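We did not get these values from a lab; they are worked out from the coordinates using the rules stated. This is a predicted model, so every value here is computed, not measured. No Cβ is skipped: glycine too gets one built from the backbone with ideal geometry, and neighbour counts run over all protein chains shown.
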Amino acid sequence: MELPRRSVGDQLIAPGAMTELRHRLRGMSRHHDLTTVVACAFDHRTRMLPFIFADTRMAPAGIRAIGSALIDTGFEKTRLVLQQWNRRFRPSHMRLDGRVPDLFMVSSMGMHEAACKALVRDARRIDPHHRPLIIVGGSHALYEPFKVFSDDPNDPAGPDIAVTGEEYVFLSLLEVILSIRSQGESMRSAFVRARDAGDLDEIPGLVYPLGKQDGVAEQLIDTGIQRLLNDLDELPHPVLGYRILEPPSRKSTLASDPLPADRVRKHSPISSLVMTFGCKFACPYCPIPAYNQRHNRAKSPERIADEMHRINTEFDHRHFFGTDDNFFNNHDRALQIAETLARTETGGSRLSSRVRWATEVTIHDTLKMKEHLPLMREAGCRALWIGVEDLTATLVKKGQSVDKTTEAFRRLRDAGICPMPMMMHHDSQPLYTRGTHYGLLNQVKLLRKAGAVSLQILMIVPSPGSKLYHETFTSKQVFERVGGRRVDPYMHDGNYVISSHAKRPWTKQLNILASYSYFYNPWWLLMALTKKTAVGDKPVAAQIFGMLGNTQNIRRTLGWALRLMFCKIHRQTAPPSSSIPLRSIEGTQSIHTIPLVQVVIDTATDRVC
């Protein structure tokens with residue numbers, strides 16, 4: 001289920017190609033008065049630890065990147081709608097510049113599938129003569145594009161096309177459609193002509209439907225794996241996306257104007273920022289290395305400093321989170337970025353005195369950088385989310401161990417950087433073990449003692465695009481339903497136990513709740529209030545938000561634990577697949593084609609309600 005690699009020499013777009021594409025589109029935009037609405041699908045049932053509060057206080061980088069690309073290429077009439085802020089937004093009610101938009105796009109993760117489909121379904125209620133071209137993108141479309149389409153005549157909820165790549169793919173699609181669009185012609189009409197003429201088949205990273213009925217696909221055409229942009233400095237500046245955010249509202253319609261600049265920080269005080277892509281490790285549960293075609297990509301240190309400076313200056317953002325897969329993956333580049341951020345001056349003061357940032361790393365690479373952690377602090381770094389996963393390296397080996405983790409955390413604390421461990425609970429791990437560090441609670445206690453400021457614990461679940469994805473289904477590990485309740489997409493966020501061989505899977509659910517409750521509680525809050533540390537008052541804030549967040553985890557998952565305890569579990573034997581024929585442009589099997597799902601009942605360990 002890993003995304004296959006393109007052939008060597010054909011994995012990256014040519015240097016300068018993205019810049020040239022942006023320049024061509026600027027020339028075309030003068031002749032096309034387009035309006036565009038881009039929505040970020042969000043299922044509010046996913047609001048639990050470890051992301052609660054941050055999930056609604058940080059405008060996602062993905063949707064902002066598409067908005068920035070549109071503004072950069074001259075399409076100023078664009079609006080970004082976050083369902084995190086605009087829960088009642090209805091595409092069928094949207095008007096921009098006094099008219100129905102020409103383009104309606106949805107960005108979605110897999111766990112937000114229900115919200116994504118609801119947005120597309122509602123957009124299709126618009127009169128066909130005025131309906132926008134509907135495009136779906138995001139990680140959901142990237143790994144499982146067939147899931148965003150429909151073959152049900154009673155529910156024609158599929159988009160016109162899915163983009164399974166990054167900004168370059170979308171802009172290439174836009175260029176092809178605009179190149180044949182006649183004056184006054186709708187974008188949907190131009191798209192259909194481009195599709196039927198085969199003009200889209202030369203753009204890797206698209207999946208589009210063919211069929212007689214609008215909104216119902218008879219077959220899907222996959223143009224293949226995208227080519228990647230290597231030099232991320234060629235991307236449009238992310239500051240542009242913040243200028244077109246839809247204000248938070250309880251209305252189903254759009255506001256007349258985007259969110260004013262002086263209110264952006266109030267609603268999105270944390271700014272997500274793309275700095276690097278790629279990771280040297282090949283964890284079997286992770287799709288990241290295959291997605292990046294085993295390449296490491298990055299922005300220049302000067303570009304990163306400029307992005308922080310402009311976003312800070314225009315919107316007064318002071319907190320940034322790097323959307324890195326492993327920021328320390330390339331030690332030399334990480335040092336160059338840190339050195340540049342530490343010495344950059346703006347407005348008579350150092351940039352690092354005005355902004356604070358955090359990102360993700362591994363234990364192995366943190367120790368490789370241990371002598372340079374004070375420089376990271378000087379550059380403005382205040383927290384590092386660390387993929388510890390399992391201290392004993394039973395689940396996966398990434399150079400971590402008890403001693404190495406303890407040393408890495410000590411080094412971080414001494415440098416004034418908060419260690420923020422991310423853990424994974426798995427079938428063979430008990431809650432507690434005597435005399436070893438194998439138990440989940442044993443490891444949480446050790447991390448607590450080592451100075452962890454926050455804690456993330458997720459149950460390992462099937463991850464589309466990873467090596468283990470197919471095996472978790474064929475080994476009858478994945479639940480299809482428990483009792484009368486189906487396992488819905490929103491439950492694939494790692495908080496619910498939906499995949500397990502354990503004889504008592506409900507204990508895994510309770511183990512996570514017990515570990516969170518041990519780490520986040522009034523006693524440790526009191527300790528944080530009375531103890532001075534090199535990381536200031538951050539442990540206090542982490543405890544407060546953690547305790548509040550844990551109440552949501554208990555409220556949402558305790559009932560699921562009881563269901564696992566008393567109800568029959570129905571398991572799957574094959575991963576989700578397309579019920580619609582899916583083929584490549586050559587007529588061969590698509591890269592996204594996998595066996596059909598079969599559902600069976602495992603009676604060996606399950607009990608009847």
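The count of lysine pairs in the range 364-469 whose Cα atoms are under 24 Å apart, excluding pairs fewer than 8 places apart on the same chain, comes to 17.
Distance between the 7 Å Cα→Cβ label points at Arg99 and Ala261: 2.9 nm.
For the chain, the C-alpha radius of gyration divided by 2.2 N^0.38 Å, with N the number of residues, is 0.96.
Sorted into 10 angstrom bins from 0, the C-alpha pair distances of the range 388-538 split as 10, 36, 32, 17, 5, 0 percent.
Computing Rg and the Kirkwood Rh from the Cα coordinates of the range 154-279 gives a ratio, Rg/Rh, of 1.03. Using R0 = 22 Å, the C-beta based FRET efficiency linking Ser349 and Asp316 works out to 0.95. Paramagnetic label reach from Arg434 (point 7 Å along Cα→Cβ; backbone nitrogen cut-off under 19 Å): within the range 500-525, no residues. Per residue, the average separation of C-alpha pairs within less than 8 Å and at least 6 apart gives the range 131-178 a relative contact order of 40 percent.
Restricting the calculation to Cα atoms, the range 95-166 yields a radius of gyration followed by a Dmax of 12.0, 36 Å. What is the Cα centroid distance between the range 120-165 and the range 258-311, reported in whole angstrom? Answer, in whole Å: 27. If R0 is 51 Å, the Cβ-Cβ spacing of His501 and Ala534 corresponds to a FRET efficiency of close to 0.75. Note on the range 454-609: along the principal axes its Cα atoms extend 66, 44, 20 Å, ordered by decreasing extent. Please report the antiparallel percentage of the DSSP beta bridges confined to the chain, to the nearest 5. Restricted to the chain, the bridges split so that about 30 percent are antiparallel. Here the range 269-417 is treated as a sphere whose radius is the Kirkwood value from Cα pairs; by Stokes-Einstein at 37 °C and 0.692 mPa s it diffuses with a coefficient of 208 µm²/s. Projected label points at Glu76 and Glu302, each 7 Å from Cα along the beta carbon direction, are separated by 2.9 nanometres. Size check on the range 238-331: the Cα extents along the three principal axes, sorted descending, read 46, 32, 17 Å. For the range 1-112, the convex hull spanned by the alpha carbon atoms encloses 158 Å³ per residue. Within the shell defined by Cβ-Cβ distances under 9 Å, the residues around Pro301 carry a net charge of +1, with Lys and Arg each +1 and Asp and Glu each -1.
When both the range 33-83 and the range 493-525 are represented by their alpha-carbon centers, they are found 31 Å apart. Neighbour counts of C-beta atoms inside 10 Å place Thr253, Thr46, Thr78 in the sequence Thr253, Thr46, Thr78, starting with the fewest. Straight Cα distances below 17 angstrom link Lys476 to the aspartates and glutamates Asp427, Asp602, Asp606, with same-chain residues fewer than 8 positions distant left out. Once you reduce the range 183-230 and the range 457-476 to the center of their Cα atoms, the two points are 31 Å from each other. Excluding same-chain neighbours fewer than eight residues apart, the lysines reachable from Lys212 by a Cα-Cα span under 29 Å are Lys117, Lys147. Potential lengthening of the chain between Arg26 and Lys212 amounts to 63.5 nm, from the contour at 0.36 nm per residue minus the alpha-carbon distance. Size descriptors for the range 17-222 (Cα atoms only): Rg and Dmax, in that order, 16.1, 50 Å. The trypsin sites (Lys or Arg not before Pro) of the range 432-471 that DSSP puts in a loop, and whose beta carbon has at most 16 other beta carbons within 10 Å, are Arg434.
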